[in-house]
Amino acid sequence: MDKLKAFEAFVKVVDTGGFTRAGEALGMPKATVSTLVQDLEAQLGTRLLHRSTRRVTLTADGAAYYERCVRVLDDVREADESVSSRQGAPSGRLRVDMISAMARYLVRDAVPEFLRRHPGITLELGCTDRPINLGNEGVDCVIRIGPIQDSAMAARRIGSMRLLTCAAPSYLAAHGTPTHPQALHGHRWINYFDGSGVVGWDFVKDGERLALKFDGGLALNDSNVYEDACVAGLGVGQLPAFLALHPAIEIDLLLDDRLMDLAYERIDIALRMTSTGAPDLVCTPVARLDWVICAAPVHLARAGTPAAPADLVDHPCMSYWRESSDDAWLLVRGDLRETVRVRGRYHANNPEAVASAALAGLGVALLPTYVCETALANGALQRLLPDWRPVTKFGDRITAVAAPDRLRLSRNQALIAHLKQAFDDLRPDTA
């Protein structure tokens, strides 16, 4: 038995949801695909797939084996590409990480064209502003602003960026417009921080260079939210409700989808899409979390509108890439439960990046409603399978997670109370 060919057959059956589609994708008869998978099961002494007249699903052993097969096939493809003397069309899985604000614009403008030009590439896009360990996190490359921090990494400049010092018109109307950087002392600034701490501000004019640091009530590590805070006037002291009510509190807001060690990273509260947490932490429900399956009209005009969960296998679907199990979508309608193994060429670890890809017409997305409510309301996205309720591993609650001793602090209680009220104001039916 050709083990690699059997791996390819098994993985393709899982990805396409059946032996017939797998055979068509691989260019071989359905019987050959079936024989390869059966021989693989016989050699392993276990069943990898549950077969029925309607569908093919993974067994518990099959799910674990599928993960390994995908990695082996990726490694083989990368090895072939690294030593091949003939430069063919690029193909395989590409993992890229870039800052959130940059991803928002690239997903809208550049990613669709990139995938069109390179149909053999599956793009997995991570959206974070934190330092990335390429080796440990399995990332091929990162796109960052500023000088390279690790001399062992190779860097290539792909563009330049000019920084503007700005403030909201509402602030300037109330406080006046500073004419020199030194005039900014005493204002409440929005600070950006990374792994080394708060980033300072550099000003240059006619050869004069000035490096300043400002203390403020808000520090952020996400470029999207940083832009929103500037528009809101927070950088110069026109504060949102929470900061206005609690002027003695300074917030460091860390925006990240990864798992965190709250004690080690000195984090008071983590806001997460989950109903449960570690046994040594306290979970406080903040709001209800609903999910929706949706797509842009341009995609539906091209690929058709799915009428049943099983139809999703005919569409490119977008999901988180942190675990391949995220490609198994569970939908519930009354007592009926349907699990669909979806497929797609674009994945991201940020729901806003997935929403941007859906708006660009790249396929069908599974999204939390808070990300796509506006797009659904104005018709930019269309809800699919409305009679079916998506059930995800994240549960149906947005939860504040904290260590018991930190949760008791009055500043943390104040923040949680404010967040609950903020969600209630946005959605009166939120629990």
>> Whole-Hz ³J(HN,Hα) for each residue in region 171-181, computed from phi via Karplus 6.51 cos²θ - 1.76 cosθ + 1.60 with θ = phi - 60°, x for glycine and proline: what do you get?
In response: 5, 4, 5, 8, 10, x, 9, x, 10, 8, x
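DSSP loop (so not H, G, I, E, B), at most 15 other Cβ within 10 Å: list which chymotrypsin sites (Phe, Trp or Tyr not before Pro) in region 8-103 pass both filters.
Here no chymotrypsin sites (Phe, Trp or Tyr not before Pro) fit, given the DSSP loop and packing criteria.
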> For region 3-83, what is the convex hull volume of its Cα atoms per residue in Å³?
Replying inline: 88
>> Just want to confirm a number: the relative contact order over region 3-83, from Cα pairs under 8 angstrom separated by 6+ residues, in percent.
In response: 28
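Can you tell me the dipole magnitude for region 3-83 around its Cα centre, using point charges on the Cβ only (Lys, Arg +1; Asp, Glu -1), in Debye to the nearest 20?
Magnitude of the dipole: close to 500 debye.
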> Summing +1 for each Lys or Arg and -1 for each Asp or Glu, what net charge is found among the other residues whose Cβ lies under 12 Å from the Cβ of Leu336?
Replying inline: 0
> Peptides 373-379, 391-397: what's the order by average Cβ count within 10 Å, highest mean first?
Replying inline: 391-397, 373-379
>> What are the ³J(HN,Hα) couplings of region 64-80, residue after residue, when phi is run through the Karplus curve with 6.51, -1.76, 1.60 and θ = phi - 60°? Round to Hz, x for glycine and proline.
In response: 5, 5, 4, 4, 5, 5, 4, 5, 4, 5, 4, 4, 5, 4, 5, 5, 4
> Among 20-30, 41-51, how do they line up from the highest to the lowest mean number of other beta-carbon atoms within 10 Å?
Replying inline: 20-30, 41-51
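Only the coordinates and a few stated rules stand behind these numbers; no lab work does. On a predicted model such as this, the values are computed, not experimentally measured, just so you know. Virtual Cβ from ideal backbone geometry, glycine too; neighbours counted across all protein chains shown.
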